[in-house]
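K.L.:
This structure is in structure tokens; I'll ask about it shortly.
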Amino acid sequence: MLGTDYSFDAQADLPGVAFAAMRLIILAQAKAANMTVLEDSDNHLTVETAHGLIGLRPGETSEAAGMVAAKDARWLFVMKNAVLQQMRHLMPEVAEAMRWSDAETQGEFPPNFSFVRVREVVELGPVFLRVTLEGEDLSAHGDDAIHFRLVLPPRDAEPQWPGVAANGSITWPEGPAAPHRPVYTARAVDYNANTILMDVFVHEGGRTTDWAQQLLMGIRARQIVGVIGPSGGGLMQADHVLMASDETGFPAAARILENLPDGATGQVILEAEEGASCDYPIAVPEGLSLIWLSRAKGERLDTATLAALSKHKGAKAWFAGERAQATRVRETAKAAGWEAGDLRVSGFWRAAPAD
């Protein structure tokens, strides 16, 4: 029984895969990610993730079959793609051979893809632009997953959009028509107006920056774009938090902070090129202290975060910044005894290699 919360489910045979071997792989991943094992027997394995169930079942034409379950069709598609991504890493030939029991029609748009139109772009301080996206139905974008993937066609090519492959994975256009696919935070969602706010950090060479600035100037050639989602982590329900972010994570940090439980305590560390003068609107609850760092002065987000870890043991830690810095924070925190379930550490971007 999958339970009423997970009424959408699918299976796919895993050709040539032994049930026992795959069971050990999934259990190891579940332990590392602090996921709950709901069922574990000789021929059934069910693990609960943040957005649905994954597991193993007896296959129809093979010893083992992968299983996923979710609350709706969009999340089911996300879960299937998560499994396919793992299988591509472990056994690429098996991933290509998988066929889900409820497979979408090959070539159609993914179930979690939709078109949106840019309604408005406004300046939000000196280094951010706020873009209002309008769609037909944004009800899937809730508090349990606050991110989405923007599907932005190139400037000088006919738009082409993602589809579904035979194994249920997303297929993306390649070559000159390949869209830019960055992940953004839904800063706010208005379900009555069917709008999403996304805040774009303005930086040199950014393709999304270029797009948003064109729209700000009234150039509407790419007013229609796609979104895939929702995805990623959701809000945090914690009484004690340690949060740290550079500009790339400010929208997510702002949304999480304004939804913390009443009476929450802790610390917030924010890094920008010129510190607080970036003027990004972020409200920090009364029980949390705030530190602004300036990269122009040589201050580093990871260094400040590591210094704060020992003062907030037992808190929920949230970090968003450069990938190498995120790795350093995650590994140091784990070495210091922090539980994996208390760490949400993300590398939102990667620094260019030094010359």
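K.L.:
Any residue that is over 23 Å from residue 197 (Cα atoms) and of a type outside the set (Asp, Glu) - is there at least one of those in the range 250-260?
P.N.:
No: the range 250-260 contains no residue that is over 23 Å from residue 197 (Cα atoms) and of a type outside the set (Asp, Glu).
K.L.:
Here's a follow-up. Are there any pairs, at least 6 apart or on different chains, whose C-beta atoms fall under 7 Å, with the first in the range 179-194 and assigned by TED's automatic domain parsing to the domain that holds residue 145 and part of a loop (DSSP other than H, G, I, E, B) and the second of a type in the set (Ser, Thr, Tyr) and modelled with pLDDT of 95 or more, and if so, which?
P.N.:
Close Cβ pairs satisfying both conditions: 182/208.
K.L.:
From 12, 20, which residue is crowded, with 17+ Cβ neighbours inside 10 Å and out of contact with any helix residue (DSSP H, G or I) (no Cβ under 7 Å at 6 or more places or on another chain)?
P.N.:
Going through 12, 20 in turn, just one is crowded, with 17+ Cβ neighbours inside 10 Å and out of contact with any helix residue (DSSP H, G or I) (no Cβ under 7 Å at 6 or more places or on another chain): 12.
K.L.:
Now for a different question. Any residue at all in the range 55-71 that is within 20 Å of residue 6 (Cα to Cα), in contact with a Pro (Cβ under 9 Å, 6 or more places away or on another chain) and surrounded by 14 or more Cβ atoms within 10 Å (Cβ to Cβ)?
P.N.:
yes
K.L.:
Could you check, for the range 205-220, whether at least one of its residues is under 19 Å from the mean Cα position of the chain (by Cα), free of Cβ contacts under 8 Å to residues at least 40 places away in the same chain, farther than 21 Å from residue 74 by Cα and not in a loop (DSSP other than H, G, I, E, B)?
P.N.:
no
K.L.:
For the range 287-308, give me each residue that is without any contact (Cβ under 8 Å) to a residue 60 or more places away in the chain and in a helix (DSSP H, G or I).
P.N.:
Of everything in the range 287-308, those that are without any contact (Cβ under 8 Å) to a residue 60 or more places away in the chain and in a helix (DSSP H, G or I) turn out to be 295, 296, 297, 301, 302, 303, 306, 307.
K.L.:
Condition check: in contact with a strand residue (DSSP E or B) (Cβ under 9 Å, 6 or more places away or on another chain) and either assigned to a helix (DSSP H, G or I) or at pLDDT 95 or above (or both). Does residue 122 satisfy that?
P.N.:
Yes; evaluated as a whole, the condition is true for this residue.
K.L.:
With respect to residue 42, is the statement that it is on the phi < 0 side of the Ramachandran plot, surrounded by fewer than 17 Cβ atoms within 10 Å (Cβ to Cβ) and touching a strand residue (DSSP E or B) at 6+ places or on another chain (Cβ under 9 Å) true?
P.N.:
Answer is no for this residue.
K.L.:
Looking only at the range 96-123, which residues are over 22 Å from the mean Cα position of the chain (by Cα) and of a type in the set (A, V, I, L, M)?
P.N.:
Matches in the range 96-123: 97, 98, 103, 121, 122.
The values are calculated or read from the model by the stated rules, or taken from the named source; none is laboratory data. The structure displayed is predicted, hence computed values, not measured ones. Cβ coordinates were reconstructed from backbone atoms using ideal geometry, including for glycine residues, and neighbour counts include every protein chain displayed.
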